[in-house]
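Input: a single structure, listed below in structure tokens.
The values are calculated or read from the model by the stated rules, or taken from the named source; none is laboratory data. The model shown is predicted, which means the values in this text are computed figures rather than measured ones. FYI the Cβ positions are ideal-geometry reconstructions off the backbone, even for glycines, and counts take in every protein chain you see. When the accessible area is computed, the model is the full protein with side chains, heavy atoms only, and any ligands, DNA or RNA have been set aside. Shrake-Rupley method; radii C 1.70, N 1.55, O 1.52, S 1.80 Å.
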Amino acid sequence: MSIIATMAKHARLSVGGAAWASMACTRSQLRLDLTLGCGQTFRWRETGDGHWTGVMGGRVWTLTQTDDRLWYHVYNNNKDAHKEVDNRKRKADGSAQQLNKSEKRRKVNIKEEENDIPVIVKKEGEEEMLVDYFQLNVNLEELYREWGLADPHFKHISNIFTGIRMLRQNPTECLFSFICTSNNHISRIQGMVDNLCRSLGMPLCELDGTTYYDFPSLLALADDSVEALLRDLGFGYRARFLQQSAKQILEEHGPDWLQGLRRAPYLQARDSLRSLPGVGLKVADCACLMSLDKADAVPVDTHVWQIAKRDYKCAAGSTQKTLTDKVNRDIGDFFRQLWGPYAGWAQSVLFCADLKKFQKLKEMPSVKLEDDKKASLPLKKAKLKMKNKKLDQIEKPMSVCHKKESLHHKID
């Protein structure tokens with residue numbers, strides 16, 4: 001392992017800022033904490049206040065954001081590290097006249113080395129990778145507006161949970177990660193995916209003592225020894241599903257089959273995935289939505305089923321005790337009819353808003369209102385009257401929203 005990789009620390013925007021690049025992106029178009037923390041990916045961790053580090057496209061990234069920009073730092077891989085050192089030495093020996101304009105733009109402030117952050121030569125295509133991964137070509141603000149007009153409940157929730165986007169993940173990583181989700185919770189799934197990468201993936205770099213690995217290839221997952229290895233790591237029955245699914249893909253379809261499903265119609269892609277061991281409707285829909293460009297795929301689990309019944313009075317499966325395939329399809333059709341061609345994206349907002357880890361966000365507006373009321377007590381009568389008048393103006397739209405929401409439920 002290279003010296004640079006071993007000594008490296010997780011990058012922070014406030015330290016060694018010259019090693020960062022950025023692009024225009026508002027929080028209403030993307031919120032990293034909600035998008036990366038809502039359970040659609042298991043490879044990202046918050047490694048500093050508002051800084052997220054993870055693996056994407058075979059490289060390790062740290063991302064953070066300000067109000068109107070998305071900042072990114074890409075680390076040297078182990079296999080690249082010595083090559084990058086040699087490149088930097090050659091550039092240092094050359095005169096300024098020998099550096100072309102693009103190389104001048106890539107020069108990095110030497111202060112980074114003082115903070116043990118590897119000097120980065122910015123590579124072309126990194127911004128394009130982010131645009132593709134976060135699907136930033138999709139105008140999320142416009143989608144939120146359309147969903148809010150069609151659905152008062154969504155409008156109420158979306159005022160708090162802005163900027164939640166669907167990722168466009170690598171199909172192999174997405175599918176095999178979600179095979180691990182069966183009867184599982186997010187923190188344990190993260191641990192299983194980490195073990196899967198550590199055992200079968202290629203090491204990329206080490207930061208603050210943590211080694212980051214690429215996701216295993218289909219060939220690595222399909223090896224006959226994999227099932228026993230994963231059972232020893234606590235994967236249980238999922239170990240067989242992972243190994244057999246990889247083997248079936250390679251033997252019956254070939255290594256490019258999953259990528260090719262991006263061009264197939266949604267129902268065809270979903271049914272094709274369901275032919276694999278351990279892939280039911282929910283896992284297939286997750287892969288379709290989060291890696292295969294099927295924005296109308298609506299993954300339904302018991303959590304989403306409860307949202308449909310509680311918040312939308314959806315009658316699908318009201319007499320059922322278990323989530324059958326028919327109930328799954330009926331709920332998906334219900335939301336597709338309500339939200340349109342990007343129904344899977346809208347569903348992810350409500351799913352995120354219902355997670356326990358994000359409930360504090362719902363409490364923030366009410367806490368602020370209580371603080372405002374307490375602060376108004378010492379004021380003179382005239383100021384108090386003006387304060388109450390302003391509060392009334394704030395509360396009226398909320399009550400109208402609730403009335404519309406109730407009407408919407410009665411219609412459903």
Gly209 vs (1) in contact (Cβ under 8 Å) with a residue 60 or more places away in the chain; (2) at positive phi; (3) of a type outside the set (Asp, Glu): all pass except (1)
For the structure I just gave you, tell me whether Ile186 is open to solvent by less than 40 Å² (accessible area, probe 1.4 Å) and among the hydrophobic types (A, V, I, L, M, F, W, C).
no
Hey, Ser22 among the small types (Gly, Ala, Ser) and part of a loop (DSSP other than H, G, I, E, B) or not:
no
Taking region 242-251, which residues are among the hydrophobic types (A, V, I, L, M, F, W, C) and either open to solvent by 20 Å² or more (accessible area, probe 1.4 Å) or without any contact (Cβ under 8 Å) to a residue 40 or more places away in the chain (or both)?
Ile249, Leu250
Working carefully through the options Leu355, Leu361, Leu350, Leu289, find the one that is under 17 Å from the mean Cα position of the chain (by Cα), within 29 Å of Asp132 (Cα to Cα) and at pLDDT below 95.
Leu355
Residue set Pro216, Pro203; condition touching a Gly at 6+ places or on another chain (Cβ under 6 Å), modelled with pLDDT of 95 or more and at negative phi; output residue Pro216
Can you find even one residue in region 257-274 that is more than 28 Å from Arg336 (Cβ to Cβ) and not basic (Lys, Arg)?
no
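Just to be sure I understand, how many residues within region 274-317 are in a helix (DSSP H, G or I), of a type outside the set (Val, Ile, Thr) and crowded, with 24+ Cβ neighbours inside 10 Å?
Step one: of region 274-317, the residues in a helix (DSSP H, G or I) are 281-291, 302-312.
If we keep only those that are of a type outside the set (Val, Ile, Thr) too, we end up with 281-282, 284-291, 303, 305-306, 308-312.
Right, trim to crowded, with 24+ Cβ neighbours inside 10 Å and you get 284-291, 308.
Matching residues across region 274-317 total 9.
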Could you tell me which of the residues Gly260, Gly254 is in a loop (DSSP other than H, G, I, E, B) and free of Cβ contacts under 8 Å to residues at least 12 places away in the same chain?
Gly254
Tell me, yes or no, whether region 219-240 has at least one residue that is in a helix (DSSP H, G or I), exposed (fewer than 14 other Cβ atoms within 10 Å of the Cβ) and in contact (Cβ under 8 Å) with a residue 24 or more places away in the chain.
yes
